[in-house]
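Participant: Pasting in a structure now, in structure tokens, and then I'll have a few things to ask.
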Amino acid sequence: ERMENELLSRFPIKLYHGKKDEVINYEFTVKAYKKLKILDFDVSYQLSQELSHSIDDEGLKLGLKFIQKIFYI
């Protein structure tokens, strides 16, 4: 509730997480997505079936595509 009252802007967000992450469970990404959606953020997420606590080529491609879209590159 406090977060909602203190928001000054709602920026686009792209979440990417591996289902085999041994440090942070991917379900936290799903929960974050749901909470941010309720707060009216432009948010999307994608899960990688084989990724552990790391980043892969797919994540880099998605990140680049997201940045290009946001900054109209």
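The values are calculated or read from the model by the stated rules, or taken from the named source; none is laboratory data. Not measured: the values here are computed from a predicted model. Glycine gets a Cβ as well: all are built from the backbone with ideal geometry, and neighbour counts include every protein chain shown. Remember, those area values only see protein heavy atoms, side chains included, never the ligands or the DNA or RNA. Shrake-Rupley method; radii C 1.70, N 1.55, O 1.52, S 1.80 Å.
Participant: Nearest 10 degrees, 0 to 90: what angle lies between the long axis of helix 57-70 and the longest principal axis of the chain (Cα atoms)?
Facilitator: Computed tilt is about 30 degrees.
Participant: Return the carbon/sulfur percentage of the accessible area of the chain, one whole number, probe 1.4 Å, all protein chains in place.
Facilitator: 54
Participant: Among all lysine pairs in the chain that are eight or more places apart or on different chains, how many have alpha carbons less than 20 angstrom apart?
Facilitator: Final tally of qualifying lysine pairs is 15.
Participant: Percent relative contact order of the stretch 2-73, based on C-alpha pairs within less than 8 angstrom and at least six residues apart?
Facilitator: Working: 77 pairs, mean separation 27.2, N = 72.
38 percent.
Participant: What is the spread of the Cα atoms of the chain along each of their three principal axes, largest first, in whole Å?
Facilitator: Projected onto its principal axes, the Cα set of the chain covers 37, 32, 14 Å.
Participant: Could you report the stretch 5-46's accessible area per residue, 1.4 Å probe, as an integer in Å²? If you can, show how the numbers build up before the last one.
Facilitator: Details: 3010 Å² over 42 residues.
Here the per-residue accessible area is 72 Å².
Participant: Which residues' amide hydrogens lie under 5 Å from the amide hydrogen of Tyr45, considering only partners 5 or more residues apart or on another chain, with H built in the peptide plane?
Facilitator: Here Leu15 satisfy the definition.
Participant: Work out the FRET efficiency for Leu47 and Ile70 from their Cβ-Cβ distance, taking R0 = 22 Å, and round it to the nearest 0.05.
Facilitator: Numbers: r = 21 Å, r/R0 = 0.96.
Efficiency, from the Cβ-Cβ distance: 0.55.
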